[in-house]
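Chemist: This is the structure I have questions about; it appears just below.
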Amino acid sequence: MKSPLLSLPGAVPAEGVDEDVAAHYGDLFREQRALADGTGFVDLSHRGVVSVTGEDRLSWLHLLLTQHVSDLPTGQATEALILSAHGHIEHALYLVDDGSTVWAHVEPGTQGALIAYLESMKFFNRVDVADRTDEFAIVHLPAGSIAEVPDGVVVRETSYGRDLFLPRGDLESYAEKSGPAVGLLAYEALRVEQHRPRLGFETDHRTIPHELGWIGTAVHLQKGCYRGQETVARVQNLGKPPRRLVFLHLDGSEVHLPPAGADIRLAEEGPDGRKIGFVTTSVRHHELGPVALALVKRNVPLDARLVVESTAAAQEVVVEP
């Protein structure tokens, strides 16, 4: 479902799973600065939207999610994961309850599989799960924004901004009143700066929550049983995750950013050295220059000099080894 805001002047479509919204509107760094200053909005209308209604919605979701949501206060935002039986991350949900409905937005194209799983787990619980992507578009307002929120719109407020569940038919009129439009690349640059992982970018088929720092923010360690909990508890109590998320400062003299999946090696071992990690997201930041998130082996020394393909890189700890 392509965003109508791709028709705005200067709009350049993003790539991959984000291709239905704009990467930028002609000036990447201006857009980043605007977002960092609390102005403008980001079109995230390509994200999936799922609702759960019914009087058992919170107690039922509590049994399925990694987060403690049985007593989730009305209007309080939270994050949660759904894990496989082996503890690997399958879904990431960004939630808020408005008093009668739990609203969640998820990665583009993942809502179908998520809903299929939720439907399979309903049993006799009084809940209804629905795909609301055709009806609602996610719009992000940065922290500090004074942009107006229309009456009746569900808002998910976090430390880094507000996510609006805007009726999709109101997207263009809202954009006219709430500009400037800011592209997804600016939003991603700030996400990387804030060390916030993203499903499908920082995750692969074997990622567990500990590797990305999702313990605490999306995984509650003091709640009841859920699928994959055994792995979470075992790693928390008895071991360490095999990999850890790091923030990389890349050599700014290089013209090209390393792509997702680019190999990371120890600089001292040279280009033929063993692979000790890979880039997950790389961006150009308006203040920090070229930076990236990456997964490396847990035992990589904190002071090790790294090289990403042919680009020198210095690591900053996100997840402690």
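Chemist: Every residue in segment 33-50 that is touching a His at 6+ places or on another chain (Cβ under 6 Å), within 16 Å of LEU95 (Cα to Cα) and open to solvent by less than 10 Å² (accessible area, probe 1.4 Å), please.
Modeler: Correct list: LEU44, VAL49.
Chemist: List, please: which pairs have Cβ atoms under 9 Å, are six or more places apart or on different chains, and start with a residue in segment 250-266 that is assigned to a loop (DSSP other than H, G, I, E, B) and open to solvent by 60 Å² or more (accessible area, probe 1.4 Å) and end with one that is among the hydroxyl-bearing types (Ser, Thr, Tyr) and at pLDDT 95 or above?
Modeler: PRO259/SER282; ALA260/THR280; ALA260/THR281; ALA260/SER282
Chemist: Kindly list the number of the only condition in (1) of a type outside the set (Ser, Thr, Tyr); (2) farther than 18 Å from GLY224 by Cα; (3) out of contact with any Asp or Glu (no Cβ under 6 Å at 6 or more places or on another chain) that fails for GLN111.
Modeler: The number of the failed condition is (3).
Chemist: Ok, one more. Of all residues being among the small types (Gly, Ala, Ser), under 21 Å from the mean Cα position of the chain (by Cα) and open to solvent by 20 Å² or more (accessible area, probe 1.4 Å) in segment 203-240, which is modelled with the highest pLDDT? Just the residue, please.
Modeler: Looking at residues that are among the small types (Gly, Ala, Ser), under 21 Å from the mean Cα position of the chain (by Cα) and open to solvent by 20 Å² or more (accessible area, probe 1.4 Å), I get GLY213.
Chemist: Within segment 51-69, work out how many residues are within 21 Å of the chain's Cα centre (by Cα), open to solvent by less than 20 Å² (accessible area, probe 1.4 Å) and not hydroxyl-bearing (Ser, Thr, Tyr).
Modeler: 6
Chemist: Would you mention how many residues in segment 75-133 are touching a helix residue (DSSP H, G or I) at 6+ places or on another chain (Cβ under 7 Å), acidic (Asp, Glu) and more than 28 Å from ALA14 (Cα to Cα)?
Modeler: 1
Chemist: Please enumerate the residues belonging to segment 1-17 that are open to solvent by 10 Å² or more (accessible area, probe 1.4 Å) and either in a loop (DSSP other than H, G, I, E, B) or within 21 Å of GLY200 (Cα to Cα) (or both).
Modeler: Selection gives MET1, LYS2, LEU8, PRO9, GLY10, ALA11, PRO13, ALA14, GLU15, GLY16, VAL17.
Chemist: While we're looking at this one, here's another question. Quick one: which residue in VAL308, VAL283, VAL296 is closer than 23 Å to ILE215 by Cβ and open to solvent by less than 20 Å² (accessible area, probe 1.4 Å)?
Modeler: Criteria check complete, one pass: VAL296.
Chemist: Criterion first (among the hydrophobic types (A, V, I, L, M, F, W, C), open to solvent by 40 Å² or more (accessible area, probe 1.4 Å) and on the phi < 0 side of the Ramachandran plot) does PHE124 satisfy it?
Modeler: Spelling it out, PHE124 is indeed among the hydrophobic types (A, V, I, L, M, F, W, C), open to solvent by 40 Å² or more (accessible area, probe 1.4 Å) and on the phi < 0 side of the Ramachandran plot.
Chemist: Now a separate question. Just give me the residues in segment 96-121 being open to solvent by less than 20 Å² (accessible area, probe 1.4 Å) and hydroxyl-bearing (Ser, Thr, Tyr), in sequence order.
Modeler: The answer is THR101, and nothing else.
Chemist: Next up: If only one of VAL42, VAL52, VAL69 is more than 24 Å from ALA260 (Cβ to Cβ) and in a strand (DSSP E or B), which one is it?
Modeler: VAL52
The values are calculated or read from the model by the stated rules, or taken from the named source; none is laboratory data. Since we're looking at a predicted model, the values are computed, not measured. Neighbour counts are summed over all protein chains in view; Cβ atoms, including those assigned to glycine, are modelled from backbone coordinates with ideal geometry. Quick note on the areas: whole protein, heavy atoms, side chains included, nothing else; ligands and nucleic acids left out. Shrake-Rupley method; radii C 1.70, N 1.55, O 1.52, S 1.80 Å.
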